[in-house]
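The values are calculated or read from the model by the stated rules, or taken from the named source; none is laboratory data. The model shown is predicted, which means the values in this text are computed figures rather than measured ones. Virtual Cβ from ideal backbone geometry, glycine too; neighbours counted across all protein chains shown. With ligands, DNA and RNA removed, areas are computed over all heavy atoms of the protein, side chains included. Shrake-Rupley method; radii C 1.70, N 1.55, O 1.52, S 1.80 Å.
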Amino acid sequence: MEVIPAWAPAVGFALLPHAGGFLGSTITKKEILVWYESLEKPSWCPPNWAFAPVWGTLYTSMGYGSYLVWKELGGFNEKSVVPLGLYAGQLALNWAWTPIFFGTHKMGWGLVTLLLTTGTATATTASWYNISKTAAYLMVPYLAWLAMASALNYRIWKDNCDKNSE
């Protein structure tokens with residue numbers, strides 16, 4: 001019988017969020033140079049090169065936070081249903097944004113998805129706070145980025161009504 005190394009769950013949880021990010025990047029790469037570049041964006045829009053390292057950092061942080069919660073609660077059990085269920089929900093919403101915004105060019109629905117993601121990520125963070133303060137604090141940069149991304153999505157949507165697929 002093989003024994004799983006003690007570090008393996010931490011690495012697995014930290015890498016899991018990247019799965020959706022990697023799949024989403026295949027959609028984004030197809031749309032960046034033509035569709036996204038044609039959109040009017042505010043002066044405070046981050047440069048395209050910044051998104052991958054920021055998301056990589058945020059995905060790793062939230063993934064490790066989920067590991068801390070999982071470990072503190074003793075794995076997947078009745079106590080972990082709400083905090084890890086909220087986490088899974090916000091992660092699914094996060095992963096859904098790219099196909100909605102970049103894949104179908106539905107900027108308004110992208111904004112709705114981001115706002116739902118932000119609400120669910122906020123609930124996740126609150127549910128984690130009494131379990132692992134470190135895990136909750138690891139979500140704070142993600143919440144800040146979601147706020148900026150929501151404002152950016154809103155501005156792009158409003159400033160490009162003529163290019164809106166909705």
Rounded Å value of the spacing that divides the Cα centres of the stretch 102-142 and the stretch 3-27 | 18
If you place +1 on the Cβ of every Lys and Arg and -1 on the Cβ of every Asp and Glu, how big does the dipole about the Cα centre of the chain come out, in debye to the nearest 20?
-> 120
Evaluate E = 1/(1 + (r/R0)^6) for TRP35 and THR60, where r is the Cβ-Cβ distance and R0 equals 41 Å; express this FRET efficiency to the nearest 0.05.
-> 0.90
Report the percentage of all Cα-Cα pairs in the stretch 82-122 whose separation exceeds 14 Å, rounded to a whole percent.
-> 42
Within the stretch 1-32, report the chymotrypsin sites (Phe, Trp or Tyr not before Pro) that DSSP leaves as loop and that have at most 11 other Cβ atoms within 10 Å.
-> TRP7
Using just the helices of the chain, give the 222 nm mean residue ellipticity in deg cm²/dmol: DSSP H runs with n ≥ 4 each add -39,500 (n - 2.57), and the total is spread over all residues, rounded to 500.
-> -25000 deg cm²/dmol
Would you list the P(r) distribution for the stretch 87-154, with all Cα-Cα distances sorted into 10 Å bins from 0 and each bin expressed as a whole %?
-> 23, 51, 21, 5
Over the alpha-carbon set of the chain, divide Rg by the Kirkwood Rh and report the Rg/Rh ratio to two decimals.
-> 1.02
State in Å² the accessible area per residue of the chain; use a 1.4 Å probe, count heavy atoms of protein chains only, and round to the nearest integer.
-> 54
Mind grabbing the base-10 log of I(q)/I(0) for the stretch 5-85 at q = 0.14, 0.19, 0.20 Å⁻¹? Debye formula, identical points on the C-alpha positions, no solvent, two decimal places.
-> -0.62, -0.87, -0.91
